[in-house]
1. What pairs come out if I take residues in the stretch 95-110 that are outside the structural domain of Thr131 (by TED's automatic domain parsing) and pair them with residues that are part of a loop (DSSP other than H, G, I, E, B) and buried (at least 18 other Cβ atoms within 10 Å of the Cβ) whose C-beta lies under 6 Å away, six or more apart or interchain?
2. Kindly provide the set of residues from the stretch 118-131 that are farther than 16 Å from Gly36 by Cβ and in a strand (DSSP E or B), ordered by number.
3. Hey, does the stretch 75-97 have a residue that's among the small types (Gly, Ala, Ser), more than 18 Å from the chain's Cα centre (by Cα) and assigned to a loop (DSSP other than H, G, I, E, B)?
4. Just need a number here: residues in the stretch 90-118 that are over 18 Å from Leu51 (Cα atoms), surrounded by fewer than 17 Cβ atoms within 10 Å (Cβ to Cβ) and not polar (S, T, N, Q).
5. Starting from residues that are in contact with a Gly (Cβ under 7 Å, 6 or more places away or on another chain) and surrounded by fewer than 21 Cβ atoms within 10 Å (Cβ to Cβ), keep the ones in the stretch 34-59 and report whichever is nearest to Ala80 (Cα to Cα).
6. Just one of the numbered conditions (1) more than 22 Å from Ala80 (Cα to Cα); (2) at pLDDT 85 or above; (3) part of a helix (DSSP H, G or I) is not true of Gly134; which one?
7. Name the pairs: first residue in the stretch 139-165 and in the same structural domain as Leu22 (by TED's automatic domain parsing) and closer than 27 Å to Ala38 by Cβ, second residue of a type in the set (S, T, N, Q) and at pLDDT below 80, Cβ to Cβ under 8 Å, at least 6 apart or on different chains?
Amino acid sequence: MTSQTPDTLEMAIVRSNGLDTLLRDLTDRAVQAVPGAAACSITVRRADRLLTLAGSSGLPSGLDQRQYENGSGPCVEAAATESEQYSPDLDTETRWPRYTAYARAAGVRCVLAVPIVLEGERGAALNLYGTEPGALGSGRDAARAFAARASDTIGTALRIERDGESTADVRTALLSRSVIDQAIGILMARERVDALVALERLRRVSQDQNVKLRDLCTDLVARVSRKR
């Protein structure tokens with residue numbers, strides 16, 4: 001797949017206060033977290049219009065925009081209905097014919113769009129793209145867990161865009177969320193539990209030790225990194 005070169009007017013990626021880098025990192029981490037994913041993007045509704053907030057490296061240009069223009073496609077459906085949309089093989093997909101032809105020409109063979117629940121917002125989705133038929137089938141649970149964990153970061157980004165919060169406050173909030181997500185991932189892998197159980201265990205230790213959750217997670221991530 002070729003690298004994406006976003007049109008800032010059409011894609012509307014948030015570029016104030018360094019948020020573009022943080023959100024791009026979020027989509028890159030989604031690709032790493034979800035088996036079979038080759039690229040990822042985040043769709044949100046702003047002013048009654050669907051836009052792409054961020055896209056990972058390797059995301060072909062126009063994949064989301066073509067859906068918005070046609071009013072049809074997996075991420076449009078996921079955002080509008082708040083229901084997961086999965087197409088294991090675009091060669092046999094019949095729901096979105098115009099989009100399907102475009103995606104196949106771009107090298108995409110399967111698509112998964114998972115709704116993202118945002119406080120005070122409607123219409124958001126995490127979009128994952130695979131280059132082989134059925135590539136995302138085994139990653140659906142991981143995609144749902146990632147979308148749930150990413151909702152706070154995305155909600156913060158949208159609030160920043162809307163309210164114009166200070167750069168320092170923005171970076172602190174998003175980086176704190178990032179390190180908590182990393183700590184959750186460490187516990188999920190180490191103890192073979194899901195994201196909600198991992199977060200609850202971290203919160204319990206935080207309360208028992210009277211340590212801020214952010215500081216506890218930062219220490220955990222640092223200790224694991226030193227061992228690698």
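1. Taking only residues 6 or more apart or on different chains, not a single pair turns up.
2. Residues of the stretch 118-131 that are farther than 16 Å from Gly36 by Cβ, as a first pass: 118-125.
Within the stretch 118-131, Ala124, Ala125 meet the criteria.
3. The answer is no; no qualifying residue exists.
4. Adding up the residues that qualify gives 8.
5. Arg45
6. Here Gly134 meets the rest and fails (3).
7. Taking only residues 6 or more apart or on different chains, the pairs are Thr153/Ser178.
Condition check ((1) in contact with a helix residue (DSSP H, G or I) (Cβ under 6 Å, 6 or more places away or on another chain); (2) at pLDDT 85 or above) across all residues:
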| site | (1), (2) |
| --- | --- |
| Asp181 | yes, no |
| Arg190 | no, yes |
| Ala195 | yes, no |
| Gln209 | no, yes |
| Arg214 | yes, no |
| Ser225 | no, no |
| Arg228 | no, no |
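The values are calculated or read from the model by the stated rules, or taken from the named source; none is laboratory data. Predicted model, so just to flag it, every value in this text is computed and none were measured. Here Cβ is always computed from backbone atoms with ideal geometry, including for glycine, and neighbour counts include all displayed protein chains.
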